[in-house]
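S.K.: Dumping the structure here so I can ask a few things about it.
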Amino acid sequence: MLNIKKEISFWTENMKDHSSFQYHNIPPEQQEDLEKAKHFITRFSQLNTEIKNISDRLLSRKLDVIITKNIELLRNFIRFKEYLIAKLSQSGMELKLTPSLLNHMINEAVEYLNILAIARQGSPLNKTLENIRLHTIWLRDSAGHGAAIATSLDPKEIILIATAEKFQKKFNNMSVKAFELYPLYNKAALKVEAISQFNELVEKEVRSFIRFIDSIRLLKVNLNVAENLQPIILEHIIKEENYYLQRIKELAEEELVENMLVG
């Protein structure tokens, strides 16, 4: 079952980070775009404060209103990202964020929309299907993180670049395997052991990736190995990877409890 307070708290902070990345990378002469980016920083900060301070009893009464506010802001935020992508391709606007990175952020915003839709629906989740779905979403996301790191490193850092690209390839391959779990589930051929083993494999690789990112963060402070990769972005990626691991862990634990009750 979704802990919606925890989810909204994580995602509003995540979207605030995205807004901040955009704000700090838009050229100073683009005043209108800067104001829009600043607006999103403010609004996501407000929604984050609101959800953290609300009592559980009041949340149950106001949840639908809170979800609606988040959905409306998210849709506007996605349109703003799409506008920036179009502006980059049509007018050659100077922006340190690439179209692929902006599109990556759009995909994460869409995932938040999906979380809100699940919460609003209120139906019990099929834990196995949700587990698979999370892998298909976040493994591609992790591959994108690997690619972003590889392209942002100093060209002289050959070993670090190769390692980032290796993670990118691993996560892409694992994403393909995650999609292959769907037909197995539909044929009732997916064993509990298989999904558990896949979860363990993912956890091992993601934790290794987090350690790698953390090592780059420390190297950047001391040696400036990644001029275009701000420490806040590295910390943001680590937060997302930890969120992914936590969601998989929670689903596995919930499914274990359900199976024990049935047994």
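The values are calculated or read from the model by the stated rules, or taken from the named source; none is laboratory data. Bear in mind the structure is a predicted one, so any value in this text is a computation, not a measurement. Here the Cβ is made from the backbone with ideal geometry for all residues, glycine too, and neighbour counts use every protein chain on show.
S.K.: From the list E32, E82, E72, which one is surrounded by fewer than 19 Cβ atoms within 10 Å (Cβ to Cβ), of a type outside the set (G, A, S) and in contact (Cβ under 8 Å) with a residue 24 or more places away in the chain?
M.R.: E82
S.K.: Out of (1) surrounded by fewer than 19 Cβ atoms within 10 Å (Cβ to Cβ); (2) at pLDDT below 95; (3) aliphatic (A, V, I, L, M), what's the single condition that is false for L113?
M.R.: Here L113 clears every test but (2).
S.K.: Still on this model: Looking for something in a helix (DSSP H, G or I) and more than 23 Å from Y83 (Cα to Cα) - is there at least one such residue anywhere in region 33-46?
M.R.: Within region 33-46, one or more residues are in a helix (DSSP H, G or I) and more than 23 Å from Y83 (Cα to Cα).
S.K.: Anything in region 121-179 that is touching a residue at least 40 places away in the same chain (Cβ under 8 Å) and outside any helix (DSSP H, G or I)? List them, or say none.
M.R.: Residues satisfying the conditions are P124, L125, L153, D154, E157.
S.K.: Something else now. Restricted to region 219-261, and to residues that are modelled with pLDDT of 80 or more and among the basic types (K, R), which residue is surrounded by the fewest Cβ atoms within 10 Å (Cβ to Cβ)?
M.R.: Among residues in region 219-261 that are modelled with pLDDT of 80 or more and among the basic types (K, R), the one surrounded by the fewest Cβ atoms within 10 Å (Cβ to Cβ) is K249.
S.K.: Now, a different point. Please pick out the residue among A162, A119, A147, A109 that is farther than 30 Å from E32 by Cβ, in the same structural domain as N3 (by TED's automatic domain parsing) and of a type in the set (A, V, I, L, M).
M.R.: One residue alone meets the criteria, A119.
S.K.: Ok, one more. Go through E72, E94 for me and flag whichever is at pLDDT 95 or above and either charged (D, E, K, R) or touching a Gly at 6+ places or on another chain (Cβ under 6 Å) (or both).
M.R.: Matching residue, one of E72, E94: E72.
S.K.: Given the condition outside any helix (DSSP H, G or I) and in contact with a helix residue (DSSP H, G or I) (Cβ under 6 Å, 6 or more places away or on another chain), answer yes or no: does some residue in region 97-110 qualify?
M.R.: Yes, region 97-110 has at least one match.
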